[in-house]
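Below: one structure, written as structure tokens.
FYI, it's all coordinate maths here, none of it is from the lab. The model shown is predicted, which means the values in this text are computed figures rather than measured ones. A quick note on method: Cβ atoms are made from the backbone with ideal geometry, for glycine too, and the neighbour counts reach across all protein chains shown.
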Amino acid sequence: MRDHAHLVHPGDPEFDEVGEVELTHLISDLITGLGEDVDREGLVKTPHRVERSLKFLTSGYTTSVDEVLNGALFAAEGSEMVVVKGIEFYSLCEHHMLPFFGTAHIAYIPGDTILGLSKFARVVDVFARRMQVQERMTSQIADALERSLKPRGIAVVTEASHLCMMMRGVEKQGSSTRTSAMRGAFKDDARTRQEFLEAIR
């Protein structure tokens, strides 16, 4: 194994937030294994950049839904459907560690509580910023919101493009995937479900 101690840059503001340097050696070995020279000018800081990038893209493992909601639940004053659509997300396919990205659409029918609108995007990020499959991510978002809000119904639809299909394998550039998770009234009542699906078209 190569000695990569020289790659540490103490005091460099670009790397001050990395914390424990625990992935840089592995990333350096990966770059070397791919046939590159990790000591050349363009790559010498790459292991640190990749470590920071990966820790950010997987920060959902160290963030809880309760922490994100942080008291943003309020007493409901009505029971009309609330729809939040077009929430951008970026995630990593757990099979190839390549990105998949797209939008999430969420609707709920309040029970006793409502949630501040910005928190829906933060809940999406909790589960998107992990190594994921889209189907599981969609269900996790729905389940977490159902537990926290206790609504009469919750619906989540995600639409995404997967670089593991676009850059490798079948290489289909225009492909996209849609997954959905319906709970409560959205699962049981076809008219409620259809109203949501019409709203996100």
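Would you confirm whether any residue within the range 174-196 is assigned to a loop (DSSP other than H, G, I, E, B) and without any contact (Cβ under 8 Å) to a residue 12 or more places away in the chain? Checked the range 174-196: at least one residue is assigned to a loop (DSSP other than H, G, I, E, B) and without any contact (Cβ under 8 Å) to a residue 12 or more places away in the chain. The set of residues in the range 155-201 that are acidic (Asp, Glu) and more than 22 Å from the chain's Cα centre (by Cα) comprises Glu171, Asp188, Asp189, Glu195, Glu198.
With a requirement of 2 or more residues that are touching a helix residue (DSSP H, G or I) at 6+ places or on another chain (Cβ under 9 Å) and in contact (Cβ under 8 Å) with a residue 24 or more places away in the chain, the helices (runs of 4 or more DSSP H) lying completely within the range 98-171 that satisfy it span 118-128, 134-149. For the range 48-69, does any single residue satisfy the condition of being in contact with a strand residue (DSSP E or B) (Cβ under 7 Å, 6 or more places away or on another chain), without any contact (Cβ under 8 Å) to a residue 24 or more places away in the chain and not acidic (Asp, Glu)? The answer is no; no qualifying residue exists. Inside the range 65-81, residues that are part of a loop (DSSP other than H, G, I, E, B), under 17 Å from Ala107 (Cα atoms) and not aliphatic (A, V, I, L, M) make up a count of 4.
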